[in-house]
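Following: one structure in structure tokens, then a few remarks.
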Amino acid sequence: AQSVTQPDIHITVSEGASLELRCNYSYGATPYLFWYVQSPGQGLQLLLKYFSGDTLVQGIKGFEAEFKRSQSSFNLRKPSVHWSDAAEYFCAVGSTGFQKLVFGTGTRLLVSP
Amino acid sequence: GAGVSQSPSNKVTEKGKDVELRCDPISGHTALYWYRQSLGQGLEFLIYFQGNSAPDKSGLPSDRFSAERTGGSVSTLTIQRTQQEDSAVYLCASSGGAGRSTDTQYFGPGTRLTVL
């Protein structure tokens, strides 16, 4: 069965500092990987997704993620965090034949001045 | 519409009552999903619709939960005899393809259900 682990429940980063949010997945075949962001009172917004090809994926709002098959990871990065990036971030995995997404438990990002 | 809408945004009910949660997907989207977001548990898949049929109901936690979709558009999630453990945010998503795993799912703002 597919599963996603986000080991960090909370992360605090200073504004302007770099960010990396960790995501590890478990699935035997080629996964489809997604990062979503949820701001308070808002629905989930897709940041980026990976299906195949270049393992470094660019997304919206200056985010990027790198797929590393050997580590079963799909970490999200941003070189310089803005206060507006404070939100909860979810990693998710899907695969061929399965329409549903399996989500991690999320990482709440706090941005300090 | 411009996005996925859900109603009500908040629902408080007493244990044992039935509730209905509504989802209006993006116009023209054929695939519709319901997820549940419980505190500290991430998002849990409940059910997937393609058109009016539900080929995957594997996430519905008990027979108190049911969902339907009419006209290939609006969907209603019904919870009968609500229990306190049903308290959660219920999220709906839609996608424009034939439910392919690569289709982007667009989420609504959710309905926060509180069972007293």
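List of remarks:
- Other-chain or far-sequence residues with amide H under 5 Å of B:E44's (modelled H): B:R36, B:Q37, B:S38
- Alpha carbon Rg of segment B:1-66, scaled by the compact-globule rule 2.2 N^0.38 Å: 1.22
- Take A:K61: with every protein chain present and a 1.4 Å probe, its accessible area is about 100 Å².
- Given charges at Cβ of Lys, Arg, Asp, Glu: chain A dipole, positive-most of A:G41, A:W83, A:P7: A:P7
- Cα convex hull, the protein assembly as shown: 122 Å³ per residue, rounded to a whole number.
- Average accessible surface for chain A: 47 Å² per residue, computed with a 1.4 Å probe over protein heavy atoms with every protein chain in place.
- Scaling against 2.2 N^0.38 Å puts the C-alpha radius of gyration of segment A:47-94 at 1.18.
- With every protein chain in place and a 1.4 angstrom probe, the accessible-area ranking of A:I9, B:I79, A:I60, B:I26, largest first, reads A:I9, A:I60, B:I26, B:I79.
- Extending 7 Å from the Cα toward the beta-carbon at both A:T12 and B:S53 defines two label points whose distance is 5.4 nm.
- Spatially close Lys pairs in the protein assembly as shown, defined by Cα atoms under 24 Å apart and a spacing of eight or more places or different chains, total 10.
- The three principal axes of the C-alpha atoms in chain B carry coordinate ranges of 38, 29, 27 Å, sorted with the longest axis first.
The values are calculated or read from the model by the stated rules, or taken from the named source; none is laboratory data. If you're wondering where the values come from, they're calculated on a predicted model, not measured in any experiment. In this analysis, Cβ positions are derived from the backbone assuming ideal geometry, glycine residues included, and neighbour counts consider all displayed protein chains. In case anyone asks, the SASA skips ligands and DNA or RNA and just uses the protein heavy atoms, side chains included. Shrake-Rupley method; radii C 1.70, N 1.55, O 1.52, S 1.80 Å.
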